[in-house]
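Novice: I have a structure here, written as structure tokens, and I will follow up with some questions on it.
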Amino acid sequence: MDRINRVMSAFFLSISLTVALLLPARLMAAPMSDEELKVLQESLSIVEIDREIARIEKEQQLTEQNIQQLELQLKDKNNQIRGNQEQAGKRLAAYYMGERETLLSALLSANSLKDFFSMLDYYQLIAERDRYILNSYKTEYADLAKTKRKLDKLSSDLDQMKAGLLQQRKRVALLQQSVDGSLSASVDPEKLKEMIRELTVYWENVGLYEVRRYFRALSAAMSGFPDFLKDHEDSLSSDKEGYILTVKEEDLNNFLHGRNELLKNMSFVFEDERIVAQGRREGLELKVEGHYTVENEPQNSITFHVDRLLFNGLELPDTTRLELEKDFDLGFYPKKIVPFVEATEAEIRKGTLIIKLKIAL
């Protein structure tokens, strides 16, 4: 029976994926009006912002659980400190009240070496015990302060999450209101609803997976960027302030195409102050526009920022762009190219990426 269920599940899954793969052709079979494109883009944004809301809600739940755990730890540490506080206070009072000086005087007034060494052992035991108690109190107090800082940071993060959640819900409400208005004004609302449904099914079953697949391939290729110089040694030239790395559009395309078969479907174009990467495969069209900046934290890097992301001509919201930026590193690190340099400037000109490097020993 289990085997039959598995076979049936696999069959229905394959049918679903086959239908999903056919959807782009159906959606793009006839030219769409500007209003239809607007509605589809807004509905796709709703799907993606809803996904971001779900992510925030999950992260918020985990953060609330961590806060509860830290509050319990804080309570336990307070109880531990309260238990040792009295002993530590007595030890400190003993030093200030002169009791330890009395012991030292008794040690120095011993009548024999035997008494002296006996009292010395006793004095050292007391001093060692005092140090242990005082150090324990100090360590526990430092742990308490550290836990409190973590709790304050998580509480601040939670407040930001709640504000972000509220903002995204407002965005979804406005988009949904716009979509509902377009449906009401449409001469064929049922057709429009079906287009929205088909796009949603395709995006959730194929589109999102494929977009992430492309970004994963780009990230893996860029991680091997130091190899670029092995084939293009003339790209790096000396300058009075250090070095200049010049990356030509054609050379970058050849490098990326050689790193991954999937990237052979994409072309990379350097325009003034931006890079445009565009590709098409099996009914899916992806266009990425972005720029580079020099970052020094957590380390010196040439970081890629996604400014626009279009899927089959529909622009995806900022939440998707930021998620992809976070999950996939499309930048590169100068120190992996030349260990003793740091990037100071990244400039994109037509056909060329120019990176200025300075010597940083």
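Novice: By average Cβ neighbour count within 10 Å, what is the ranking of 197-206, 54-63 from highest down? Intermediate values should be presented prior to the final figure.
Specialist: On the way: 197-206: 17.9, 54-63: 13.3.
Highest to lowest by the protection proxy: 197-206, 54-63.
Novice: Put +1 on the Cβ of each Lys and Arg and -1 on the Cβ of each Asp and Glu in the range 130-274; which of LEU154, TYR243, ALA221 then has its Cα farthest toward the positive end of the dipole?
Specialist: Result: LEU154, furthest along the dipole toward the positive end.
Novice: Add +1 for every Lys or Arg and -1 for every Asp or Glu among the other residues with Cβ under 15 Å from the Cβ of VAL338, and state the total.
Specialist: Working: positive: LYS230, LYS335, LYS336, LYS356, LYS358; negative: ASP227, GLU233, ASP234, ASP239, GLU241, GLU342.
In short, -1.
Novice: Separate question: Going down the table (LYS58/LYS153; LYS248/LYS335; LYS240/LYS336; LYS162/LYS193; LYS287/LYS358; LYS150/LYS336), which pairs top 29 Å between alpha carbons? Spell out each step's value before the answer.
Specialist: On the way: LYS58/LYS153 18 Å; LYS248/LYS335 20 Å; LYS240/LYS336 22 Å; LYS162/LYS193 32 Å; LYS287/LYS358 33 Å; LYS150/LYS336 34 Å.
From the list (LYS58/LYS153; LYS248/LYS335; LYS240/LYS336; LYS162/LYS193; LYS287/LYS358; LYS150/LYS336), the Cα-Cα distance tops 29 Å for LYS162/LYS193; LYS287/LYS358; LYS150/LYS336.
Novice: Return a whole-number percent for the relative contact order of the range 254-361, with Cα pairs under 8 Å and 6 or more residues apart as the contact set.
Specialist: Working: 199 pairs, mean separation 24.2, N = 108.
22 percent.
Novice: What's the magnitude of the charge dipole for the range 131-248 around its Cα centre, counting Lys and Arg as +1 and Asp and Glu as -1 at the beta-carbon? Answer in Debye, nearest 20.
Specialist: On the way: 20 positive and 18 negative charges, 173 e Å.
Charge dipole, the range 131-248, about its Cα centre: 840 debye, nearest 20.
Novice: Round to a whole number: what % of the accessible area of the range 194-333 belongs to carbon and sulfur, probe 1.4 Å? Each step should come with its number before you reach the end.
Specialist: Details: 2920 of 6810 Å².
Solvent-exposed carbon and sulfur of the range 194-333 make up 43 percent of the total.
Novice: Hey, can you rank 248-260, 294-306 by average C-beta count inside 10 Å, highest first? Walk me through the numbers on the way to the answer.
Specialist: Values: 248-260: 16.9, 294-306: 15.4.
Ranked by mean Cβ neighbours within 10 Å, highest first: 248-260, 294-306.
The values are calculated or read from the model by the stated rules, or taken from the named source; none is laboratory data. Computed from a predicted model, the values in this text were never measured in an experiment. Note that each Cβ is placed from the backbone with ideal geometry, even for glycine, and that neighbours are counted across all protein chains shown. Side chains included, ligands, DNA and RNA excluded: accessible areas come from the protein's heavy atoms. Shrake-Rupley method; radii C 1.70, N 1.55, O 1.52, S 1.80 Å.
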